[in-house]
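Q: Just dropping this structure here.
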Amino acid sequence: MSMSRQYRDGELVDKNFPLNRIDEHFAGKSAVWYDLVRPTPEDYRVLAQELGLHQLAIEDSIKGGQRAKIDHYDSHLFINLYQANFPGEDPELELAELAIFVTKDAVITVRQNENFRMDNVIKRWDESAELAHFGVAFLLWGILDVVIDDYFKVIERLDNELEELEDELFDPKPKDVTIQKRSYQLRKSLVLLRRAAVPMREVINPLLKHNGEILHNEMLPYYQDLYDHIMRVADWTDSLRDLVTTLLETNLTLQGNRMNLIMKQVTSWAAIIAVPTAITGYYGQNIPYWGFGEAVGVWTSNILIVGISAALFFAFKKRDWL
């Protein structure tokens, strides 16, 4: 369902009006937001006619799959970005794409599905109503602020997941399959987050330098704050990606150490078992020897087996081979 709002002089004066009446809401000092979900060719025709949207920007919004970017056109800006969230309990990241057309009077958001949580944006606008008199700059800031805040929520959860995984890694009885699976999930989510978040630096930085009719200079401190936050997200993402790589390498090293320990234990037991095998083999010879055919020979062989095997056992135990 499409949503819309009109602000005039910092006040919300109308909302949820149809697209074919959008031209009626540009009178005076108004800022208009209209949200399109799965727009039709007719919807694009109306927008292009009313706002002078460039055909290349319209094609990008239709095709989707664009990287996070900002394009400057004579009459408007085109911004493409991604919201990140976890749809379930597992740390499997999901990205929701959003295309934005920004003119001096309007912000048009285009969604090809309803995965992008626009309700959070509306809530942010309502919470920061004192900034509404900045018009379009306020509307665009609200969208970007929610998207970047979601990045922080995602990366904090990924950080917590990594800490839990580290605890499992050094558990006395680690679950190697579980660790490998969760490590792969975390690495995949971090790659997706980095793909969405890092290019946002190239989106916000030009907005800081834009002094045209679209953005007000009074809003620049708020956009500077957004830029600082996205830089923190990018740095944090890179740090966690390096940490996941280190964790995987550590897990392989620990597996190798455990395998070496097992090999030492197997070799030690093989050495202990070889003693009775050698002695019984020797005493099983069909030639006369001391104690041959007598009880003393049996006792001698048993004492040698127990004594030498016990000596080897305690020697290996002392070296922590068993």
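Q: Using alpha-carbon pairs under 8 Å, 6+ residues apart, how would you state the relative contact order of the chain in percent?
A: 15 percent.
Q: Another one. Fewest first, what order do Ile308, Ile303, Ile230, Ile214 take by the number of other Cβ atoms within 10 Å?
A: Ordered from fewest to most neighbouring Cβ atoms within 10 Å, Ile308, Ile303, Ile230, Ile214 come out as Ile303, Ile308, Ile214, Ile230.
Q: Relative to the first principal axis of the alpha-carbon coordinates of the chain, what is the inclination of helix 41-51, with its axis defined by its Cα atoms, in degrees from 0 to 90 and to the nearest 10?
A: It is inclined by approximately 60 degrees.
Q: Another one. Quick one: angle between helix 200-209 and the longest Cα principal axis of the chain, in degrees between 0 and 90, rounded to 10, please.
A: Here the helix axis deviates by roughly 30 degrees.
Q: With 10 angstrom as the radius, rank Ser30, Ser75, Ser4, Ser61 by how many other C-beta atoms surround their C-beta, starting from the fewest.
A: So the residues, fewest neighbours to most, are Ser75, Ser30, Ser4, Ser61.
Q: Going by Cα centres, the range 9-78 and the range 127-165 are how many Å apart?
A: 23
Q: A further question follows. Sort Tyr73, Tyr82 by Cβ crowding within 10 Å, fewest neighbours at the top.
A: Tyr73, Tyr82
Q: How large, in Å, is the range 3-254 by the Kirkwood hydrodynamic radius built from its alpha-carbon pairs?
A: Kirkwood radius, the range 3-254: 19.5 Å.
Q: A further question follows. Taking Cα pairs under 8 Å and at least six residues apart, what relative contact order does the range 58-121 come out at, in percent?
A: The value is 25 percent.
Q: State the Kirkwood hydrodynamic radius of the range 65-212 in Å, one decimal place, computed from all pairs of distinct Cα atoms.
A: By the Kirkwood definition, the hydrodynamic radius is 17.1 Å.
Q: Where does helix 136-169 land angle-wise versus the long Cα axis of the chain, in degrees 0 to 90, nearest 10?
A: On a 0 to 90 degree scale, this one is about 10.
Q: To check my understanding: the extent here is largest minus smallest coordinate of the Cα atoms along each principal axis. What are those three numbers for the range 80-130, in Å, largest first?
A: That gives 41, 24, 14 Å along the principal axes, largest extent first.
Q: Could you tell me the relative contact order of the range 90-161? Use alpha-carbon pairs under 8 Å, at least six residues apart, and round to a whole percent.
A: Contact order relative to length: 28 percent.
Every number in this text was worked out from the coordinates using simple rules, so none of it is lab data. Bear in mind that the values here come from a model prediction, so they are computed numbers and not experimental data. Positions of Cβ are backbone-derived with ideal geometry, glycine not excepted, and every protein chain shown enters the neighbour counts.
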